[in-house]
1. Checking the conditions here, which among H65, H42 is at pLDDT below 90 and surrounded by 18 or more Cβ atoms within 10 Å (Cβ to Cβ)?
2. Looking at segment 87-124, which of its residues are modelled with pLDDT under 70 and not in a loop (DSSP other than H, G, I, E, B)?
3. In this structure, does V19 turn out to be in contact with a Cys (Cβ under 9 Å, 6 or more places away or on another chain), modelled with pLDDT of 95 or more and not aromatic (F, W, Y)?
4. Based on this model, can you work out whether V19 counts as of a type outside the set (K, R) and under 16 Å from A109 (Cβ atoms)?
5. I need the full set of residues from segment 1-16 which are free of Cβ contacts under 8 Å to residues at least 40 places away in the same chain and not charged (D, E, K, R), in order please.
6. Can you report the number of residues in segment 10-54 which are farther than 22 Å from P122 by Cα and in contact with a strand residue (DSSP E or B) (Cβ under 6 Å, 6 or more places away or on another chain)?
7. Of all residues in segment 45-60, how many are surrounded by fewer than 21 Cβ atoms within 10 Å (Cβ to Cβ), within 14 Å of L77 (Cα to Cα) and touching a residue at least 12 places away in the same chain (Cβ under 8 Å)?
8. From (1) touching a residue at least 40 places away in the same chain (Cβ under 8 Å); (2) surrounded by 14 or more Cβ atoms within 10 Å (Cβ to Cβ), pick out the condition that doesn't hold for G35.
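The values are calculated or read from the model by the stated rules, or taken from the named source; none is laboratory data. Since the structure is predicted, the reported quantities are computational estimates derived from the model, not experimental observations. Cβ: placed from backbone, ideal geometry, glycine included. Neighbour counts: every protein chain shown.
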Amino acid sequence: MTKINIGRINDFEIGKPRVVRAGGATIVVNRTENGFCAVANHCPHLGLPIAGGKIEGNVITCPFHGSRFDMCTGENLDWVTSFAGAKLPEWSRRLVAMGKKPTPIETFAVTLENENVFVTIPTA
């Protein structure tokens, strides 16, 4: 595991996610009232970027297919609920899911040291 400095605490506004590069990973970092959460910038459904998705607390929604994830735990909260922002009827959700089962999103540990923010990423 490698710990990488991604900025200072004040570089991150509460509720305004920021995309950072750490090693070879592109990561979405969100500062909440309770701390920091970080996830890979790709939805596990089709690998599309999740940055730009709606953030509510520590939950991010994929802007392409509406899958929702807890950014702190990676837990999948809802799977493929929309297509390009249009809500899908229940019967068509399985079709748009393309046979993929609900999957968690990859998370990264975030630590604070002094005023610096670090993410820990797996080493290759």
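1. H65
2. Once the filter is applied, which keeps residues that are modelled with pLDDT under 70 and not in a loop (DSSP other than H, G, I, E, B), segment 87-124 yields E90, W91, S92, R93, R94, L95, V96, A97.
3. So V19 fails the test.
4. It is false that V19 is of a type outside the set (K, R) and under 16 Å from A109 (Cβ atoms).
5. I14
6. Total satisfying the criteria: 4.
7. Counting residues in segment 45-60 that are surrounded by fewer than 21 Cβ atoms within 10 Å (Cβ to Cβ), within 14 Å of L77 (Cα to Cα) and touching a residue at least 12 places away in the same chain (Cβ under 8 Å) gives 4.
8. (2)
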